[in-house]
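Derivation of every value follows stated rules applied to the coordinates shown; laboratory data play no part. This structure is a prediction, so every number in the text was calculated from the model and none was measured. Cβ coordinates were reconstructed from backbone atoms using ideal geometry, including for glycine residues, and neighbour counts include every protein chain displayed.
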Amino acid sequence: MVAFEKAGRKNTSETLNAALDFAVEHGVKEVIVASTCGDTAIKAVELLEARKIQDIKLIAVTHNFGFKGKPEIEIESETRANLIERGVLVYTGTMPFRNIGTAIRETMGYSQQDLIANTLRLMGQGVKVCVEIALMAFDAGLISGEDVVTIAGTGRGADTACLIKPAPSNKLFKLKIRRIIAKPVDW
């Protein structure tokens, strides 16, 4: 496992390299990357292209439409088109740990999804997001159900990578975090 002293985008290149090395070494054919604005996904596809890796399906998962309250999506249309042109599946959908429960929390002060999200955050924000993007990609039918490598971070960039046996969000407790490939020790 790659362990970073601190969380943050400065770990992006090393996280992506560790995740792709792991995927190649272990025959994992699907890699999911959290990428709000597309920067991390662009770096991931550039690494795949530079290494001439063609048998890995790359999926970029973005924040949902209206995430920040405005009726918009954070990834620029040109960036999205660039990724799609390069063979990346770009998915924007409902985030399991930030959906109707968030509205309930904002009104009532508590939501069951917060308990799950905050429990996962005990291992770092990136671990929570790695689980979330695996759920999202499975719900959307973008992955096979075989083990996937997920890549996420704390804020922008990437500092966490996991090997996950995915599940649909309505079967959350069937999901398995098999390995932590990279993660900060402090966040």
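Table for the structure above
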quantity: Value of D in µm² per second that Stokes-Einstein yields for the stretch 31-187, Kirkwood Rh from Cα pairs, at 25 °C (0.890 mPa s); calculated: 155
quantity: Inter-label distance for residue 64 and residue 122, nm, one decimal - labels placed 7 Å from Cα along Cα-to-Cβ; calculated: 2.6
quantity: From phi via Karplus (6.51, -1.76, 1.60), per-residue ³J(HN,Hα) for the stretch 113-120 in Hz, x at Gly/Pro; calculated: 5, 4, 4, 5, 4, 5, 5, 5
quantity: Highest average packing first - 5-17, 122-134, 147-159, Cβ atoms within 10 Å; calculated: 147-159, 122-134, 5-17
quantity: Value at 222 nm in deg cm²/dmol, rounded to 500, when DSSP H runs of n ≥ 4 in the chain each add -39,500 (n - 2.57); calculated: -11500 deg cm²/dmol
quantity: Most fluctuating residue given options 107, 160, 119, as computed from a GNM of the chain linking Cα atoms under 10 Å; calculated: 107
quantity: Kirkwood Rh, angstrom, the stretch 99-160 [1 / mean 1/r, Cα pairs]; calculated: 12.8
quantity: Filter on 70/174; 70/176; 57/128 - keep pairs with C-alpha separation over 30 Å; calculated: 70/174; 70/176
quantity: Label point distance in nm, residue 156-residue 21, each placed 7 Å from Cα along Cα→Cβ; calculated: 2.6
quantity: 16 Å reach of a label modelled at residue 173, 7 Å along Cα-to-Cβ, counting backbone N of the stretch 92-124; calculated: 112-117, 119-120
quantity: Base-10 log of normalised Debye intensity for the stretch 57-125 (one unit scatterer per alpha-carbon) at q = 0.14, 0.17, 0.26 Å⁻¹; calculated: -0.57, -0.76, -1.11
quantity: Residue 105 versus residue 51: modelled label distance in nm, points set 7 Å from Cα along the beta carbon direction; calculated: 3.4
quantity: Euclidean distance between Cα centres, the stretch 86-108 to the stretch 1-62, Å; calculated: 22
quantity: Under 20 Å from residue 10, Cα to Cα: aspartates and glutamates that are on another chain or at least 8 residues apart; calculated: 21, 39, 46, 159, 186
quantity: Relative contact order computed over the stretch 10-66 (Cα-Cα under 8 Å; 6+ residues apart), in percent; calculated: 40
